[in-house]
1. Expressed in nm to one decimal, what extension gain is obtained for the pair residue 197 and residue 141 from 0.36 nm per residue of sequence separation less their Cα-Cα distance?
2. Taking the Cβ-Cβ separation of residue 217 and residue 40 as r and a Förster radius of 30 Å, what is the calculated FRET efficiency to the nearest 0.05?
3. Can you report the principal axis dimensions of the stretch 26-130 using only the alpha carbons, biggest first, rounded to whole angstrom?
4. By per-residue mean of other Cβ atoms within 10 Å, what is the highest-first order of 13-22, 134-143, 28-37, 75-84?
5. Select from 246, 162, 54 the residue whose mean-square fluctuation is largest in a Gaussian network model of the chain (Cα-Cα springs shorter than 10 Å).
6. What list do you get for 168, 69, 86 if you sort them by fewest beta carbons within 10 Å?
7. Averaged over every viewing direction, what's the projected area of the C-alpha convex hull for the stretch 146-270? Give it in nm², one decimal, please.
8. 222 nm [θ] for the chain, helices only, -39500 (n - 2.57) per DSSP H run of 4+, per residue, to 500?
Ligand code: MF3
Ligand code: CO
Ligand code: CO
C-alpha cells in the first residue's frame, strides 16, 4: 500500500494546463538568454510571463525562497537565487520554472548554453538531458519508482559523471512537493519502492555532476547548492503522468528549446 495520490481526469486536465504554462515560460526564457544578462533579468522575465498568464510563480516565498525562479549557473547544482550575476560566454545555466495555475503546480527545468560551451560543459549537459529521457523511459503502470534511479545511475556512471543524492524528484499537484520521492540513484533493497499506478504524477529531475555526487549548501543564503568539488553540474526536469502503457510528459514543449540543443529529441530538425 502507498499513500501516493491518484489524480482524477479533471485533476489531470488541470495539471496539463499548469504544466504547459511552465513549459511555455521555459521556452520563452531560452529565447531571451544571452551573455551580458543578469540572472535577475531572467527572474523578471519568468515573473512577468507567469503573472500575465493569470498564474503565480510557485518558488516565490516557498519556504522563504526570495525569487520567482531558480537560476543555477555552472557549479551551482540547484536552487540558485537570481541576482546581480552577469552571464558570460561559456556559462551553463539551469532555469527551473514552476507555475501555479488553477490550483495545481507544474514544474520543469532545462540547462542552457550561454554562447559556446566548453567540451566539459557540453558533456555534462548532454548527459543530464539523456539521463532525464532514460528516467522517463522507465515510467509505466506496474514499474517501480526505484527503476527510474537505477537506470539513470547506470547511464550517468558509464559516462564518467556523478548523480546528486541529496535532492530528488517528487510528487506534485495541489502541493509543490509531495509523495513519492523519486531518487535519481539506485536505492537500497530495503528502501521504500512503490509501484507506479496510472494517474500518479511526479517529477524526474536528475542533477548530473561532472565530478563527484557530493554537494554543499551555501552557509549564508541557505538555498544555493554547489558541487563540493566545484565542478560543473547540469539538470533537466519534467513533470510526468503515469499511464497504463507508459507516460505522458505533461511539461513537454511544443517548440525546440533555444540554446539547449535538444538533438536527441529533434534529430529531424538538425
Ligand atoms: N523547482 C524546484 C524543484 O524542482 C524546487 C525549487 S524550491 C525553491 O523541485 F524554493 F527553491 F523555489
Ligand atoms: Co521539481
Ligand atoms: Co523544478
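Coordinate-derived values only; no laboratory data. These numbers were taken from a predicted model, which means no experiment stands behind them. Note that each Cβ is placed from the backbone with ideal geometry, even for glycine, and that neighbours are counted across all protein chains shown.
1. Values: separation 56, 0.36 × 56 = 20.16 nm, distance 0.46 nm.
19.7 nm is the gain from fully extending residue 197 to residue 141.
2. Given R0 = 30 Å and the Cβ-Cβ separation, E is 0.85.
3. Largest to smallest, the principal-axis extents are 42, 29, 25 Å.
4. Numbers: 13-22: 21.9, 134-143: 17.4, 28-37: 15.4, 75-84: 20.2.
The packing order, highest mean first, is 13-22, 75-84, 134-143, 28-37.
5. 54
6. By the 10 Å Cβ count, ascending: 86, 168, 69.
7. Values: hull surface 40.3 nm².
That works out to 10.1 nm², a quarter of the Cα hull's surface.
8. Computed ellipticity for the chain at 222 nm equals -9000 deg cm²/dmol.
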